[in-house]
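Participant: Dropping a structure here in structure tokens format, bear with me for questions.
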Amino acid sequence: MDLFALLRYSAPVALASIGETISEEAGVINIGLEGSMLCAAFFGMLVTYGAGSPWLGICAAVATGAALHFISGLFTILLGADQVVIGTAVNLFALGFTGALFRSHFGQSGKLLSVAVLPSWPVLIVLVASAPLTWLLLFRSRWGLAVRATGEYPPAAEAAGFSVARLRLSAVTLAGAFAGLAGGYLALGLAGSFSEGITAGRGFVAIALVTFGRWRPHLVFLAALLIGYLESLQFRFQSFGWRVPFQLFIALPYIVALLVLVVVGKGTAAPGALAQPYRREK
């Protein structure tokens with residue numbers, strides 16, 4: 001399998017997981033990552049369908065992902081709502097909202113829909129550059145140091161003169177832009193269309209890969225390449241004509257992600273304040 005094809009199959013999960021790494025380093029876990037990707041895929045497709053430009057579509061997808069993450073961040077960061085509950089609500093909302101809009105605009109579920117395809121090379125360049133740049137951002141910049149402090153021990157960040165709420169909101173919004181790019185590329189770069197539930201659990205896999213990569217962008221990226229390779233197997237074995245149930249290869253990335261959580265996740269050191277709301281001390 002050539003490197004270009006491997007990067008194409010890996011891109012949606014890899015981009016989402018790198019963004020999620022930034023968010024979790026700030027202490028916020030986005031269970032709603034799946035929903036953000038799904039909404040981004042839909043609105044990216046819708047704008048592309050209406051304007052005829054996949055470039056406008058991918059911009060709409062990025063904006064959608066960032067906006068959804070920002071809105072959920074308002075609830076979890078500023079209001080202190082439970083991150084798992086809000087994330088689940090986002091996923092349920094996205095599934096119903098995109099399904100209803102898709103049917104109202106394009107008829108019954110499953111109707112074939114084709115839009116202009118986005119060239120892969122710009123997104124893949126962003127993907128390859130994102131791992132080292134994210135590492136530099138998190139571990140070699142003042143902003144990254146402050147963000148990681150909010151994920152480990154928020155009072156220390158506040159004592160240093162930083163606003164935990166602002167840092168977390170900025171990290172979550174940046175993660176949402178990654179999620180939007182992931183969902184938009186899935187619809188416009190890989191599928192060239194949209195179907196209900198097109199993300200098919202990739203958002204949850206991305207969250208698992210952050211644990212697999214131990215919150216280090218380069219390791220998360222390598223883990224995503226593994227998932228992309230496993231996802232590509234269904235197409236490779238079908239082309240060989242082997243009589244192996246294709247459902248097995250569809251399920252394989254999710255089975256591996258589950259095993260990762262069970263085996264690799266045990267004993268890993270997550271950010272100390274991950275999923276914990278923070279109230280500023282007066």
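Computed from the coordinates by the stated procedures, all read-outs in this text should not be read as laboratory data. The structure displayed is predicted, hence computed values, not measured ones. So basically every Cβ, Gly included, is an ideal-geometry build from the backbone, and we count neighbours across all protein chains shown.
Participant: Using just the helices of the chain, give the 222 nm mean residue ellipticity in deg cm²/dmol: DSSP H runs with n ≥ 4 each add -39,500 (n - 2.57), and the total is spread over all residues, rounded to 500.
Facilitator: Working: 11 runs with 194 residues, N = 282.
Mean residue ellipticity at 222 nm (helix-derived): -23000 deg cm²/dmol.
Participant: For helix 3-25, what angle does its Cα long axis make with the longest principal axis of the chain, in degrees from 0 to 90 and rounded to 10?
Facilitator: Approximately 30 degrees, to the nearest ten.
Participant: Simple spin-label model, 7 Å along Cα-to-Cβ: residue 82 to residue 153 in nm?
Facilitator: Those two pseudo-labels are separated by 2.9 nm.
Participant: While we're looking at this one, here's another question. I'd like the orientation of helix 164-185 relative to the chain: the angle between its Cα long axis and the longest Cα principal axis, in ° from 0 to 90, rounded to 10.
Facilitator: In the chain, helix 164-185 runs at an angle near 10 degrees to the longest axis.
Participant: How big is the dipole moment of the range 3-264 about its Cα centre under a simple scheme where the beta carbon of each Lys and Arg is +1, that of each Asp and Glu is -1, and everything else is neutral? Debye, nearest 20, please. Please list the in-between numbers first.
Facilitator: Values: 13 positive and 9 negative charges, 84 e Å.
Approximately 400 debye in magnitude.
Participant: How many percent of all Cα-Cα pairs in the chain sit more than 33 Å apart?
Facilitator: Working: 7625 of 39621 pairs.
Tail of the P(r) past 33 Å holds 19 percent of the pairs.
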